[in-house]
Amino acid sequence: MSSLLDNEQHMSASSEDAHKVEPGPEHADAPMLASSVLSHSLPANDPASPQNWPLHKKIFTSLQGWLFGFTVALGITCFSAGKVPLSAEFGLSTSIPEKFLGAFSLYIFGIVFAPYWTPHVVERVGRTIPYAVALTLNALFNLGAGLSHSLAGVMVCRFFAGFFGGPTLVSLEGTFADLWSAQFTNTYYAVQGLAAFTGTGLGALVGGQLVSATGGWRWTQYFPVCLAAAVLLVSINMPETYQREIPRRRARYQNKTRAQVVAAQTPAESGTTIAAMMKCTVIRPAIMVVTEPIVCLTSIIMFFTFATTFQWFIAVPAALGTPPPNGPGYSVDKIGLAFLTAIIGSTMGALTVIVLEQITNSINRKKIARDPMAAFRSVEYRVVPAMFGTVFVTVSLFWVGNTVNPAFKPLVPIIGTAFFVWGSSMITFSIVPYLFDSFQPAGTLSAITAQAVARLIAAGVLPLVILQNITMLTPKWGLGLFGFISLAMWPIPFVLFFFGTGLRAKSKYSMAKQ
């Protein structure tokens, strides 16, 4: 989900700021990539630029941001382990508790709003304040859910926990882009994306242990609160990385006011008026989904990827918890251990993406040395991991669907789940970074907002219906249906790789037209 959300740092700098970024002399004629333009608005030789910080400081700051996103992601799925005790307490159906599923998904639906409003907040106050405020409010509403004695109270608190926690996931992508070179976009995105994948995987595991130990569901809400308190302490001195905010904060050392620095900066790409903000993060994304082939294709594949990823957090407990003779009858703590596969699979996905980026970067360096315009065309190489990821997803869906029955040991479908997460993480860690440099700054913001909202909606919707789907069709045909649908995703990375350069060049939002 990585998680789940998208790179608001690409929203707030101007093309005038872009000229402060010096390309290497051997690439002097190459067009500037959007990630370089928008993440690195300070002069290249400015010691205050996060790009010039000591390595240890960059790593620790990255870790601080990573922990914020990890904590919010854990809160999504820790709740899923509490299905049985929560259903019993509030008199819900033991087979398909629709209101429990609603409470699970409401957290994600709250996060859906984060791509719309987080960029505008960051432009005005930087990243560190939204991090701290967002996680604090997220923890308070998680606490409220745990203390609630009505199902309505649980559901309302779950929604607002996601609503206020979502900006940590958005800001996390910005923090990594501020700190690390755009040359390694897939690599740094893979590392920061693990916050969402491992957070959701570990959340289900921890939740299972908590329910087993306490016999109730409330500690699935209290534990994220404790974790949030620890993260806030670790990050108490987190430095600001947003490069438009850094000059504003050091203004007092230069006998200037913050207002003077803001007035000297060019207007943010995310807009300075309500109308401009709405156009950038609401209206234009909706238009681009239907008018820009790249945005349409990336939104489709990410919609499917997140829909099938988040259904596991409901489907796996249902399948493994089914008593014999139809299932293995695993206890809740053992079911939680099955989600170790999400951590293993996403880690393998990240490592695969990093290795593939090293290979493709080596190829592209030689091409750019001969032709600076190859830098524009090299963006398409970011989708290479998705070519492999789509195959992994299809194979694993049929694998799990055909083996989650008493004829096979439970370990067989569990290993299949690891391959699914391996594939889905490879898709996410390549498709999302591809959008970072597909258009001019304003177009980039709108494009990544469109696909971020699409994938989050999918993540929240499918868990609401997956139990009905499996009950009516059985796991074999329920998951097999998604396997057949996933075949339609195979061509998308190839279309982007072979035709993406031409599609971007023809777009009115294209970097080639700057």
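The values are calculated or read from the model by the stated rules, or taken from the named source; none is laboratory data. Keep in mind the model is a prediction, meaning the values are calculated, not measured. Because the Cβ atoms are built from the backbone with ideal geometry, glycine has one as well, and the counts that use them run over all protein chains shown. Note: areas computed on protein heavy atoms with side chains; ligands, DNA, RNA excluded. Shrake-Rupley method; radii C 1.70, N 1.55, O 1.52, S 1.80 Å.
Rolling a 1.4 angstrom probe over the protein heavy atoms, how many square angstrom per residue are accessible across the stretch 409-472?
Per-residue value: 22 Å².
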Length-normalised contact order of the chain in % [C-alpha pairs under 8 Å, at least 6 apart]: 23 percent
Lys/Arg +1, Asp/Glu -1 at C-beta; the chain dipole; positive extreme among VAL262, ALA81, PHE482: VAL262
Over 25 Å (Cα to Cα) - which of LYS83/LYS476; LYS334/LYS409; LYS256/LYS279; LYS279/LYS506 fall in this group: LYS256/LYS279
Distance from the stretch 467-502 to the stretch 329-357 (C-alpha centre basis), Å: 20 Å
MRE, 222 nm, helices only [DSSP H, n ≥ 4, -39500 (n - 2.57), over the chain, to nearest 500]: -23500 deg cm²/dmol
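Could you compute Rg(Cα) / (2.2 N^0.38 Å) for the stretch 263-370, with N its residue count?
In units of the 2.2 N^0.38 Å rule of thumb, it is 1.73.
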The chain, accessible surface, carbon-and-sulfur percent (1.4 angstrom probe): 71 percent
Cβ charges +1 (Lys, Arg) and -1 (Asp, Glu), total dipole of the chain, debye: 200 debye
The stretch 342-467: proportion of alpha-carbon pairs further apart than 21 angstrom, %: 53 percent
Under the Debye formula (equal points on every Cα, no solvent term), log10 I(q)/I(0) of the chain at q = 0.06, 0.09, 0.13 Å⁻¹: -0.26, -0.59, -1.21
Surface per residue (accessible, 1.4 Å probe) for the stretch 47-203, Å²: 30 Å²
The stretch 112-218: C-alpha gyration tensor shape, a/c 1.5 cut-off, then a/b vs b/c: oblate
